[in-house]
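The values are calculated or read from the model by the stated rules, or taken from the named source; none is laboratory data. Note that the structure is a prediction, hence the values are computed from the model and not measured. A quick note on method: Cβ atoms are made from the backbone with ideal geometry, for glycine too, and the neighbour counts reach across all protein chains shown. With ligands, DNA and RNA removed, areas are computed over all heavy atoms of the protein, side chains included. Shrake-Rupley method; radii C 1.70, N 1.55, O 1.52, S 1.80 Å.
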Amino acid sequence: MSQDQPPDENGNEHPVPRDADPQARARALQSYLIEEELLTTDQIDEVMSLYEDEIGPQNGAEVVAREWVDAEYREWLLEDGSAAIAEAFGYTGPEGTDIVVLENTDDVHNVVVCTLCSCYPWPVLGLPPTWYKSPPYRSKIVKSPRQTLRKAFGVDIDADVEIRVRDTSAEVRYMVLPLRPVGTDGMSESDLAALVTRDSMIGVERLGTKHVEEL
Amino acid sequence: MTDLDEIIADLRGREEFPERGGDLSFNAPWQARAFATVVTLYRQGFFEWNEFQARLIETIESADTTDDKDIEDVYYRHWLEAAEQLLYDKGVLRGNVLDRRIGEFESGERDASEFVVGVDHAHTHTHNHDH
């Protein structure tokens with residue numbers, strides 16, 4: 001595979017052929033960093049277990065359920081999402097520094113996309129699903145949101161509800177605050193959290209028009 | 001031309017993971033390895049997250065991947081590309097140190113049993129260290 005490329009002295013080149021086998025590439029990078037004692041396998045293991053066990057949409061669901069039962073928290077969340085999430089729940093980390101929470105209402109439905117790459121609020125939603133990263137989603141949801149929600153996600157948004165497509169930038173991560181489903185009065189915060197889906201926090205599902213028994 | 005809505009719906013249909021927890025969207029161990037290595041580097045302070053992000057965006061923009069079918073494969077190739085570029089820019093990687101090592105893995109001169117890593121726990125082997 002190897003084209004001979006001269007070692008560079010200023011560190012600004014990138015002498016790895018783009019077509020190299022990615023498995024070899026990933027192994028090479030990791031083994032080099034470990035052998036040079038720049039990283040340890042324990043540190044890497046810890047990251048894997050964090051993202052496997054602790055960071056996922058269950059975190060965002062807790063945030064949403066808190067907002068449904070606590071008006072003060074709601075205000076804080078809408079004003080400064082990152083702080084309200086970090087300080088109340090401790091959810092922080094990469095892709096979480098500027099989380100903006102978008103409120104769905106009876107008249108507005110928000111849906112999130114990243115047309116640049118696949119920016120996504122990891123601390124509250126975990127890693128994005130494959131379809132979120134796909135070129136078709138990234139282009140279609142912007143061009144024809146109502147149709148895409150209906151055809152690709154089976155979600156019919158009433159014609160009198162405005163759909164706002166939010167394109168994540170490199171600086172901001174969006175999370176949608178879904179409307180509370182019908183028939184959930186008096187439910188506990190943890191029971192409410194169990195109703196909140198990942199898709200509803202991306203905006204490709206609309207919870208507020210559903211009755212709890214449909215969920 | 002296939003309807004893009006169908007592609008999205010099909011991708012959703014193929015999601016095999018549960019919606020809550022544990023839903024890491026990797027479809028090969030090297031993707032998990034690449035992911036975890038980069039996040040660990042960030043956690044250890046080698047770079048700011050937005051520095052990696054910027055290179056990831058550049059890499060994706062400069063690639064023509066509209067016809068690629070395997071989204072995770074393409075995505076994590078970009079991820080590796082961005083990580084390598086950033087580490088060269090930072091001087092953590094220099095010269096052709098990585099290129100040489102990739103060749104050694106490709107040729108089988110090195111293999112994964114040289115180091116035991118958590119990201120491969122899904123494929124549990126008993127590694128023998130008596131080389």
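Remarks
- For A:Ile44, the stated conditions hold: it is under 27 Å from B:Tyr75 (Cβ atoms), surrounded by 16 or more Cβ atoms within 10 Å (Cβ to Cβ) and at the interface with chain B (Cβ under 8 Å from one of its Cβ atoms).
- Taken over segment B:29-43, residues that are of a type outside the set (Lys, Arg) and at the interface with chain A (Cβ under 7 Å from one of its Cβ atoms) amount to 9.
- Qualifying residues in segment A:146-168 (those that are of a type outside the set (D, E, K, R) and loosely packed, with under 15 Cβ neighbours inside 10 Å) - the one farthest from A:Ala65 (Cα to Cα): A:Gln147
- Filtering A:Glu46, A:Glu95, A:Glu62 for residues that are in the same structural domain as A:Gln147 (by TED's automatic domain parsing) and either more than 30 Å from B:Phe105 (Cβ to Cβ) or in a helix (DSSP H, G or I) (or both) leaves a single hit, A:Glu62.
- Filter result (in a helix (DSSP H, G or I) and touching a Leu at 6+ places or on another chain (Cβ under 8 Å)) within segment B:78-104: B:His78, B:Trp79, B:Leu80, B:Ala82, B:Ala83, B:Glu84, B:Leu87, B:Leu98
- Restricting attention to segment A:184-198, the residues that are surrounded by 13 or more Cβ atoms within 10 Å (Cβ to Cβ) and assigned to a loop (DSSP other than H, G, I, E, B) add up to 6.
- Failed item in (1) at pLDDT 95 or above; (2) of a type in the set (S, T, N, Q); (3) in contact with a Leu (Cβ under 6 Å, 6 or more places away or on another chain), with A:Thr130 passing the rest: (1)
- Hits in segment A:173-193 - residues which are touching a Lys or Arg at 6+ places or on another chain (Cβ under 9 Å) and either in contact (Cβ under 8 Å) with a residue 40 or more places away in the chain or closer than 24 Å to B:Ile60 by Cβ (or both): A:Tyr174, A:Val176, A:Leu177, A:Pro178, A:Leu179, A:Glu189, A:Leu192, A:Ala193
- Within segment A:47-71, the residues that satisfy the criterion of being of a type in the set (Gly, Ala, Ser) and either open to solvent by 60 Å² or more (accessible area, probe 1.4 Å) or more than 9 Å from chain B (Cβ to nearest Cβ) (or both) are A:Gly60, A:Ala65, A:Ala71.
- Flag for A:Pro15 being surrounded by 15 or more Cβ atoms within 10 Å (Cβ to Cβ) and at pLDDT below 90: yes
- Test: residue in segment A:62-73 that is over 19 Å from A:Tyr120 (Cα atoms) and hydroxyl-bearing (Ser, Thr, Tyr): yes
- Looking across A:Val108, A:Val64, A:Val101, one residue alone is under 13 Å from the mean Cα position of the chain (by Cα) and of a type in the set (A, V, I, L, M, F, W, C). It is A:Val101.
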